[in-house]
Amino acid sequence: MKEYVIQEDRGRLALYTGLFLLLMILLMIASIAFFAVGWYLLSFLGITGLWFDVKAMFRYGNKLIRKKPVCEFGKDGLTIYYLPGKPREMKYRQVKEARRIRTRFTLKLFFRGDNVEHPSGWYYAGVIYPFQSKKLDEVEENTVNCLKKHGINLVKTEKIK
């Protein structure tokens, strides 16, 4: 059972997917044009860029279509969904430290524990709401309350300039 779910900004995902689609079309046209005039190296670089562009476009589009959330807080643990890869799960008792950084359009959540696989030692959940920035206050309050309910203090860290 889920206590609280932080949803993605679907407008942002749609915008990123559309921009990557536009970039894909431009890279295809440029690669074909470079190949036609005999600039094979630039054509190859355009095709390489096309590969990375399509990969990113499908990642954002997949999150948009499947309606994957940023983070889910369950009864006994939390699940963090990354763009690439499988979701990361942590039990509340495994969380040693939790931090948050709040900016105008984002809320960045960091969780440290012994079972974290990332080399930095932290798992990251980025709540990026460029089109729903007024909703960030509610998300931050609900996140703090949910973690406090499970005995985790979410320390507010000032943004480093």
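The values are calculated or read from the model by the stated rules, or taken from the named source; none is laboratory data. Everything numeric in this text was worked out from a predicted model, so none of it was measured. Methodologically, a virtual Cβ is constructed for each residue, glycine included, from the backbone with ideal geometry; neighbour enumeration extends over all protein chains shown. Surface areas here come from the heavy atoms of the whole protein model, side chains and all, with no ligands, DNA or RNA. Shrake-Rupley method; radii C 1.70, N 1.55, O 1.52, S 1.80 Å.
Any residue in region 79-89 that is of a type in the set (A, V, I, L, M), open to solvent by less than 80 Å² (accessible area, probe 1.4 Å) and under 19 Å from Val5 (Cβ atoms)? Yes, that holds for at least one residue.
Restricting attention to region 1-26, which residues are of a type in the set (A, V, I, L, M) and out of contact with any Asp or Glu (no Cβ under 6 Å at 6 or more places or on another chain)? Across region 1-26, the qualifying residues are Met1, Ile6, Leu13, Ala14, Leu15, Leu19, Leu21, Leu22, Ile25, Leu26.
Determine whether region 134-153 contains at least one residue that is in contact with a helix residue (DSSP H, G or I) (Cβ under 8 Å, 6 or more places away or on another chain), surrounded by fewer than 14 Cβ atoms within 10 Å (Cβ to Cβ) and in contact (Cβ under 8 Å) with a residue 40 or more places away in the chain. Scanning region 134-153 turns up at least one residue that is in contact with a helix residue (DSSP H, G or I) (Cβ under 8 Å, 6 or more places away or on another chain), surrounded by fewer than 14 Cβ atoms within 10 Å (Cβ to Cβ) and in contact (Cβ under 8 Å) with a residue 40 or more places away in the chain. Looking at region 28-41, which of the residues that are touching a residue at least 12 places away in the same chain (Cβ under 8 Å) and touching a helix residue (DSSP H, G or I) at 6+ places or on another chain (Cβ under 6 Å) is least open to solvent (accessible area, probe 1.4 Å)? So the residue we want is Ser31.
So how many residues does region 90-105 have that are without any contact (Cβ under 8 Å) to a residue 24 or more places away in the chain and surrounded by 15 or more Cβ atoms within 10 Å (Cβ to Cβ)?
Just the residues of region 90-105 that are without any contact (Cβ under 8 Å) to a residue 24 or more places away in the chain, to begin with: 91, 93-94, 96.
Those still in the list that are surrounded by 15 or more Cβ atoms within 10 Å (Cβ to Cβ) too: 94.
The qualifying residues number 1.
With respect to Ile65, is the statement that it is farther than 12 Å from Ile6 by Cβ and touching a residue at least 12 places away in the same chain (Cβ under 8 Å) true? Answer is no for this residue. Apart from one condition, Met57 fits all of (1) crowded, with 17+ Cβ neighbours inside 10 Å; (2) hydrophobic (A, V, I, L, M, F, W, C); (3) assigned to a strand (DSSP E or B); the exception is (3). Of the residues making up region 82-133, those that are part of a strand (DSSP E or B) and under 24 Å from Ala14 (Cβ atoms) number 9.
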